[in-house]
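Before any comments, here is the structure.
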Amino acid sequence: MKEDFLHYVWQYKKFDFSNLKTSTGESLTIINVGQYLKSSGPDFFNAQIIIGNQKWAGNVEIHVKSSDWYLHNHENDKNYDNVILHVVWENDVPVFGKSNSEIPVLCLKEFVSKELLNNYQHLITEKKWIFCENQLSTIDEFVLNNWLERVFFERLEKKSSVIEKLLQDTNHDWEAVLFCMLAKNFGLNTNGETFLKIAQSIPFSIIRKEGFDIDNLEALFFGYSDLLNNELEDKYPQNLSARFHYLVQKYQLTVPTFQPLVFFKHRPENFPTIRLAQLAMLYSHQQNLFSKIMDCNTIEEIYDLFSIEVSQYWQNHYHFEKENKPKKRKITKSFVDLIIINTIVPLQFAFAKYNGKDNDELVINLLKNLKPEQNSIVDKFNSFGVKSSDAFTSQSLIHLKTEYCNYNKCLSCAIGLELLKK
């Protein structure tokens, strides 16, 4: 038995409350179960009950065993002084309040139906991937779609907290926040954190000033990445190295040491050298990029903004001094799709929220016009009958798995609650 199930039973009155009695045999009537705030202190606030002929107003605490009261040291916490009812599954010891009087106890085990208990046990039986994988296909489509929309915006809220932290770190410069987030996404999973740290180390005011010279931007990006060593013999990297040392002196920059960039297991098009070159060209071509992105209402407008090629040197190089077959190496639409999902949509949502506006329909429509991501989570849900037709659905399913299923939060999930009704 788990405490979250008892919270569910109490909150939704999923027990026989027609002839309730306390553990001492007194009649119990529930007028109001109280508010489930999920904060510190008692589980339910401002409940109203009648015990015998006496009406009580106060808080309700729920435990699997009544002895958990002492296990959690509630007897020493003033927040629990106003508990009027102790709801438990097993009443193993009496519990006394601040006036040394015994707190009334309701033992739920005696009033919960076997059917509900069987449904709960069936839901939480040992899982292969998620508990409800064999029942997902039976969920009403309306319930499922509503829940996926809910968890989608939970995901955006979580990403907004990261954006708010970046906003504080950049003195509320939205262009600088965009630069940091783009850098992280251009670095992908393997180099993303290093790219982000590099972006945070370069004052964005310098990117603004030097953005008109692609060589200076590349010098900064490759210099901070420690890719401009003294052994390079080609004129181009030597030129970048000289520019980098000049810029460090000009702006009195301190260059930290970062984790070495990873090339291993990447396709050449995803090598960090190519992604840095693309990021440099993007900021060389697009001034005031954040404002332009905020004005975008369609996928096509965003594709146009990111339609850039690498500089001449990187059209026939993947590494410094190793020449390859010439190729323009544009930012692909599939890569822009990832940027839309992980950077642009969260930023548009956070910026609207920051300004007290609502752009929910815009961000949903953007993702509904993108193909779903291809990953193990999406594939698994597909195999259980929950198909992803767009990125909106795949993002929702990723959040559902990582924030609910992974932590067994079935009783906080609309799908889990729906299955308990069956």
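Values quoted throughout were computed directly from the atomic coordinates according to the rules given, and no laboratory measurement underlies them. Quick caveat: nothing in here was measured; it's all calculated off a predicted structure. Cβ placement follows ideal geometry from the backbone for every residue including glycine, while neighbour counts extend to all protein chains displayed.
Restricting region 46-119 to trypsin sites (Lys or Arg not before Pro) that sit in a DSSP loop and have at most 15 other Cβ atoms within 10 Å of their own Cβ leaves Lys98. Give me the aspartates and glutamates in straight-line cross-link reach of Lys38: C-alpha distance below 14 Å, same-chain residues under 8 apart excluded. Once the sequence-local aspartates and glutamates are set aside, what remains near Lys38 is Glu3, Asp4, Glu61. Beta bridges from DSSP with both residues in the chain: antiparallel share about 65 percent, rounded to the nearest 5.
Between 0 and 90 degrees, rounded to the nearest ten: what's the tilt of helix 188-201 against the longest Cα principal axis of the chain? Helix 188-201 and the main axis of the chain meet at about 70 degrees.
The residues packed around Asn189, meaning those with a beta-carbon under 14 Å from its beta-carbon, carry a net charge of +2 if Lys and Arg are +1 and Asp and Glu are -1. Using R0 = 30 Å, the C-beta based FRET efficiency linking Asp140 and Val64 works out to 0.45. Taking 31 Å as the limit for the C-alpha separation, the pairs Lys380/Lys421; Lys128/Lys159; Lys78/Lys127; Lys184/Lys387 exceed it in the case of Lys78/Lys127. Here Cα extents along the principal axes in Å was computed from the coordinates, and among (1) 92, 46, 39; (2) 81, 66, 46; (3) 57, 52, 39 the match is (1).
Rounded to the nearest 10 degrees, the inclination of helix 272-285 to the longest alpha-carbon principal axis of the chain is 80 degrees. Remark: the chain carries a charge dipole of roughly 540 debye about the Cα centre, counting +1 on each Lys and Arg Cβ and -1 on each Asp and Glu Cβ. Compared with the dominant principal axis of the Cα atoms in the chain, helix 174-186 is inclined by about 90°.
Ordered by residue, what ³J(HN,Hα) values in Hz, to whole numbers, does region 379-395 give under the Karplus form 6.51 cos²θ - 1.76 cosθ + 1.60, where θ = phi - 60° and Gly and Pro are x? Karplus values, whole Hz, x for Gly and Pro: 4, 5, 4, 4, 5, 9, x, 9, 8, 9, 9, 7, 6, 4, 5, 5, 5. Rounded to the nearest whole Hz, the Karplus-based 3J(HN,Hα) values (6.51 cos²θ - 1.76 cosθ + 1.60, θ = phi - 60°) of region 20-37 follow the sequence 6, 9, 6, 5, 9, x, 7, 5, 9, 10, 9, 8, 8, 6, x, 9, 8, 9, with x at glycine and proline. Set Lys and Arg Cβ to +1 and Asp and Glu Cβ to -1, take the dipole of the chain about its Cα centre, and tell me which of Tyr251, Leu108, His63 lies farthest positive. After comparing all options, I get Tyr251. Each helix, a run of at least 4 DSSP H residues, gives -39500 (n - 2.57); summed and divided by the residues of the chain, these come to -14000 deg cm²/dmol at 222 nm.
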